[in-house]
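See structure below.
The values are calculated or read from the model by the stated rules, or taken from the named source; none is laboratory data. Since this is a predicted model, take the numbers as computed values, not measurements. Here the Cβ positions follow ideal geometry from the backbone for every residue, glycine too, while neighbour counts run over all protein chains shown.
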Amino acid sequence: MMVSMQAGILGTSLVMWQQGLATPGDITFVLAMFFVLQGYLRNVGQDIRNLQRAVNDMEELVLLDKMPLGIEDKPNSKPIKIVEGEIVFDRVAFQYGAHPTPLYEDFSVTIKPGERVGLVGHSGSGKTTFVKLIQRLYDVNAGEIRIDGQDIAEAKQSSLRGQIAIVQQEPILFHRTLAENIAYSRPKATRREIEQAAKQASAHDFIMRLPKGYETMVGERGVKLSGGERQRVAIARAFLADAPVLILDEATSSLDSESEVQIQQAMERLMNGRTTLVIAHRLSTVRALDRLLVFDKGNIVEEGDHQALSRLNNGIYRRLFERQALELTKGLVA
């Protein structure tokens with residue numbers, strides 16, 4: 001349309017100039033006004049395009065807001081109060097959506113207050129589902145999950161998750177300062193409390209070496225930090241949260257040996273006095289725990305500490321441990 005308008009104006013101007021109805025100054029003025037108008041029309045087109053894009057985004061947000069919650073608090077739910085941290089699965093049955101077979105059937109286990117428990121098994125054996133059910137990311141089909149004698153299905157989700165600290169394999173950091181990222185677990189924490197948590201997580205020293213210290217922006221998803229540094233920030237969050245229940249989900253599986261040693265020392269301090277669940281494929285991280293639960297197809301098939309399970313003939317834990325030891329030996333030889 002703009003090209004057609006420009007050709008029409010130029011052609012008309014030339015015809016009028018030949019007929020003596022327009023001077024070169026008139027033609028110059030008309031073309032100048034056209035270019036000004038063209039700029040405004042281009043801006044209008046961009047504004048219309050941006051408006052349409054914004055409307056489309058708003059429509060998606062409205063649809064998202066209208067989606068029903070997967071798990072909703074019950075009408076008379078109350079905040080849960082966790083002090084000791086005893087976790088009881090009482091005859092629990094659970095099945096994922098349209099999956100043909102249930103993962104858990106008549107599943108019962110008790111984790112004592114302050115006990116450090118490792119969850120071991122092949123992928124898909126039920127380890128991650130175990131900790132998801134504790135956080136009530138899903139509701140059980142039958143039975144109860146109780147923490148300190150309180151059925152979590154009757155509790156408010158926000159109060160339950162606020163008393164469970166989690167350190168994940170890939171911690172989620174935001175493009176904010178290190179202080180704000182650590183305070184994510186307790187936004188009203190003071191700077192002194194943030195720094196104390198960082199010291200306990202062995203993160204204070206590397207933070208102070210940065211140009212802006214705790215005011216350093218970490219980049220989207222923490223891209224400016226190494227894997228070990230991101231993990232120590234996540235552990236500092238857990239220290240600051242000071243929750244009675246702690247979940248460590250593959251917290252050292254993607255780290256080098258030197259970083260793993262430092263982080264394991266920080267995790268030892270973090271686990272002290274807390275009921276702790278540790279999911280680990282790298283079995284070196286669970287050897288010193290109080291008890292190991294070996295999962296297979298939604299059942300606990302072996303239970304005990306490292307020494308007891310490593311002596312079981314044809315045991316799943318023993319096979320996993322021997323396989324990892326063999327792979328480590330081959331790596332050292334190579």
The condition from (1) of a type outside the set (S, T, N, Q); (2) more than 15 Å from Gly298 (Cα to Cα); (3) assigned to a strand (DSSP E or B) that Val62 misses is numbered (3)
With criteria (1) farther than 23 Å from Val131 by Cα; (2) at pLDDT 75 or above; (3) within 27 Å of the chain's Cα centre (by Cα); (4) polar (S, T, N, Q), Gln264 comes up short on (1)
Do we have Arg221 as at positive phi, outside any loop (DSSP other than H, G, I, E, B) and either surrounded by fewer than 17 Cβ atoms within 10 Å (Cβ to Cβ) or not assigned by TED's automatic domain parsing to the domain that holds His99 (or both) here?
yes
Taking segment 80-111 and keeping only residues that are touching a residue at least 60 places away in the same chain (Cβ under 8 Å), surrounded by 12 or more Cβ atoms within 10 Å (Cβ to Cβ) and part of a loop (DSSP other than H, G, I, E, B), one is left with Ile80, Lys81, Ile82, Glu84, Gly85, Glu86, Pro102, Leu103
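Could you list all residues from segment 156-180 that are outside any loop (DSSP other than H, G, I, E, B) and of a type outside the set (Gly, Ala, Ser)?
Listed by number, the residues that qualify are Gln157, Leu160, Arg161, Ile164, Ile166, Val167, Thr177, Leu178, Glu180.
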The lone condition Gly11 fails out of (1) loosely packed, with under 14 Cβ neighbours inside 10 Å; (2) part of a helix (DSSP H, G or I); (3) within 55 Å of the chain's Cα centre (by Cα) is (3)
Log entry, pairs with first residue in segment 278-293 being in the same structural domain as Val117 (by TED's automatic domain parsing) and farther than 17 Å from Pro113 by Cβ, second being in a loop (DSSP other than H, G, I, E, B) and of a type in the set (S, T, N, Q), beta carbons closer than 7 Å, six or more apart or on different chains, reads His281/Ser253; Arg282/Thr252; Arg282/Ser253; Thr285/Thr252
>> Looking at the structure I just gave you, is Ser202 assigned to a helix (DSSP H, G or I) and of a type in the set (Ser, Thr, Tyr)?
In response: no
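May I ask you to list the residues in segment 114-138 that are more than 20 Å from the chain's Cα centre (by Cα) and in a loop (DSSP other than H, G, I, E, B)? Outline the logic, then answer.
Quick first cut of segment 114-138, residues more than 20 Å from the chain's Cα centre (by Cα) only: 114-118, 120-122, 125.
Within segment 114-138, Gly114, Glu115, His122, Ser125 meet the criteria.
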Within segment 199-218, residues in contact with a Phe, Trp or Tyr (Cβ under 7 Å, 6 or more places away or on another chain) and surrounded by fewer than 19 Cβ atoms within 10 Å (Cβ to Cβ) come out as Gln200
Check: Among the residues of segment 289-309, is there at least one that is at pLDDT below 85, touching an Asp or Glu at 6+ places or on another chain (Cβ under 9 Å), not in a strand (DSSP E or B) and not aromatic (Phe, Trp, Tyr)?
Finding: no
Taking segment 119-142 and keeping only residues that are under 17 Å from Phe295 (Cβ atoms), small (Gly, Ala, Ser) and either surrounded by fewer than 20 Cβ atoms within 10 Å (Cβ to Cβ) or modelled with pLDDT of 90 or more (or both), one is left with Ser123, Gly124
Note on Arg53: of the conditions (1) of a type in the set (D, E, K, R); (2) more than 25 Å from Asp148 (Cβ to Cβ); (3) assigned by TED's automatic domain parsing to the domain that holds Pro244, unmet is (3)
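Among Ala189, Ala243, Ala153, which is touching a residue at least 60 places away in the same chain (Cβ under 8 Å), part of a loop (DSSP other than H, G, I, E, B) and over 15 Å from the mean Cα position of the chain (by Cα)?
Working: Ala189 fails: touching a residue at least 60 places away in the same chain (Cβ under 8 Å); Ala153 fails: part of a loop (DSSP other than H, G, I, E, B).
Only one candidate passes the filter, namely Ala243.
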